Each structure stands twice: as C-alpha cells, then as structure tokens.
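Everything below concerns the one structure shown next.
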Amino acid sequence: MKQGFYDYLEVLQMSGIADWGPFTYLPEDAEKIQQFFAAPPVITPLVAVPPVIKPELVAPLVLTPPPPVSPPIPETVPETVPEMPRKLAPPKALALLAAEVAQCEQCCELVEYRTQTVFGTGNPNAELVFLGEAPGADEDKQGVPFVGRAGQLLTDMITKGMRLNREDVYICNILRCRPPGNRNPDPKEATNCRLFLDRTLEIIQPKYICCLGAVAAQNLLATDKTIGKLRGQVYDYNGIKVVCTYHPAYLLRSPDNKGKAWEDLKLLMREMGIPLK
C-alpha cells in the first residue's frame, strides 16, 4: 500500500500537480513527504491515569462467606431389598395363635385342671362362626370344641337345619380351657381369654356370629340380658351380624325349646341369604 502511495506522489511531481485529496502542497514538498513516510513511526506510549474516586461515593465492601458445601453423599446400594411384611394367611395365623394359646398360663386354676387347651375348628375363611362358652370333658380330652352329644346336636343344627357342612363354618369358645366341674367362666377368666377371641375373629373376619347360650352372648355383646331376651334379634358387633340362641347342651336338657332354636336359625339363614325350605 505504501509503495502505491509513493508512485502516486511521483506522478504528481512529474505532472506538476500538487493536489492530493483535500490537501494541496508544492511539488518540491513531495520529497519531504516521501521521507516522512519512509521514516519509522514514533509511538508514544499511553500512560494510564487512575480515576479520581471520592471516598464518600464508594460503598463499603462487604464480604459474604460462601454457603457451606455439604459433603457428597455416597451412593449406597443395599445388597438385598427388604420385603414388606405380608399378612399371614388365615390357616397359618390361626395355627400360630393356637400355639400361643397352648402356652397360656394366665388362669392358674384352669392351667392346673386342664388336659390341654381347646382352640377352635373349622374353615379359617368362614363367613359364619359359632361361639360357645367353654370346653367340656369331651372337648378337654380331644382338644376339639363341641364334640360328644352337644357337639352332635350342633352338627345336626348346621347340616340338617341350615343345610351347611360343619367344615364350612368355624367353631370356638369364650374360654380355651375347661373350667373345673364344667362351671361357667368367671369374669376374670373371660377377660384373660378375650384377647384370643378377638384375634381369632380378626383373622377369620366372619360376616356372622351365632352365640350359643347366655355366657357366649353376654361376653361378646357386653350385656347382662338373659338369653331369652337376647334371642330373636340381630345385633351388630364391629360390623359383624350376631344372632343368639340356646346352647346345644341346654337343648338336650330342655328339648321343648328346640323349636325356638330353629326359629333363631331361620333368622340367621335369612340374614345370610340361605333359602328356607
């Protein structure tokens, strides 16, 4: 670019024209101009002048400490993922409860007098539970509730009267041990054994309960009414429909009341949706 400019000056000098853009100079000045451009440029270094800042205009510098940095949490993968506790199936849950009952020693007199505990028998998923008062001599020997003559009559009530199988229902008592002399359970004994009854019903979750006799009905429903006043009605116990009737052992001693017991069973059948003959 510089060489082109020199050529341009030479042409101007030879032609006698001293006009270069907006500037006009004599031809004899062309040599000075060439010397000017031939000389290396003189660069004067710039000196930075610090700005004048008034102290009153400077805001105080406040140093805010950085927020604390939490250490990284190491990723840990458990070797095995624990399973959620599962609800036991009714048969296994009842078997475990029966084993617990067999170790019970809350009632000293019953423990001393019993041959074995009598837990319950029947369908662990039954819709209907028959509830008696306590085991008798035959039940204490066999370990099964409602055997012997009273048990046979209950079986007839279930199979011949209601047209169900005994294996379709569940049968148990307020007490799981035989009281001495087949006496009625005292309140303390019933209270000690109530936990086992409640857990049994919780496992089976029946829709209906048939109380056999005054002792069973009074303890379950927490009442002191006689069986004569309790029968003929449907009660609610924690969402379970309850019908009360006479104990089979009582019906063996008072057969005239079998007709009333049949009326109670028909009431239960209507509630269960079982067609009558």
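Quick rundown of the values:
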{"item": "Long-range neighbours under 6 Å by Cβ, at least six apart or interchain, first residue not assigned by TED's automatic domain parsing to the domain that holds N173 within the stretch 92-109, second not in a helix (DSSP H, G or I)", "result": "none"}
{"item": "Of all residues making up the stretch 219-251, the number that are among the charged types (D, E, K, R) and in contact with a Phe, Trp or Tyr (Cβ under 7 Å, 6 or more places away or on another chain)", "result": "1"}
{"item": "Some residue of the stretch 179-190 being among the hydrophobic types (A, V, I, L, M, F, W, C), more than 29 Å from the chain's Cα centre (by Cα) and outside any helix (DSSP H, G or I)", "result": "no"}
{"item": "Residues of the stretch 231-268 that turn out to be out of contact with any Lys or Arg (no Cβ under 9 Å at 6 or more places or on another chain), in contact (Cβ under 8 Å) with a residue 12 or more places away in the chain and in a helix (DSSP H, G or I), as a count", "result": "3"}
{"item": "Residues located in the stretch 107-135, provided they are at pLDDT below 95 and either assigned to a loop (DSSP other than H, G, I, E, B) or closer than 27 Å to Q205 by Cβ (or both)", "result": "none"}
{"item": "Where D198 falls short, out of the listed (1) within 23 Å of Q106 (Cα to Cα); (2) surrounded by fewer than 22 Cβ atoms within 10 Å (Cβ to Cβ); (3) over 33 Å from the mean Cα position of the chain (by Cα)", "result": "(3)"}
{"item": "Residue that is surrounded by the fewest Cβ atoms within 10 Å (Cβ to Cβ), among those in the stretch 137-163 that are assigned to a loop (DSSP other than H, G, I, E, B) and in contact (Cβ under 8 Å) with a residue 60 or more places away in the chain", "result": "R163"}
{"item": "Qualifying residue in the stretch 236-243 (condition: crowded, with 19+ Cβ neighbours inside 10 Å and either closer than 26 Å to K260 by Cβ or among the aromatic types (F, W, Y) (or both))", "result": "yes"}
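The values are calculated or read from the model by the stated rules, or taken from the named source; none is laboratory data. These numbers come from a predicted model, not from an experiment. Cβ sites come from the backbone with ideal geometry, for glycine too, and all protein chains shown count toward neighbours.
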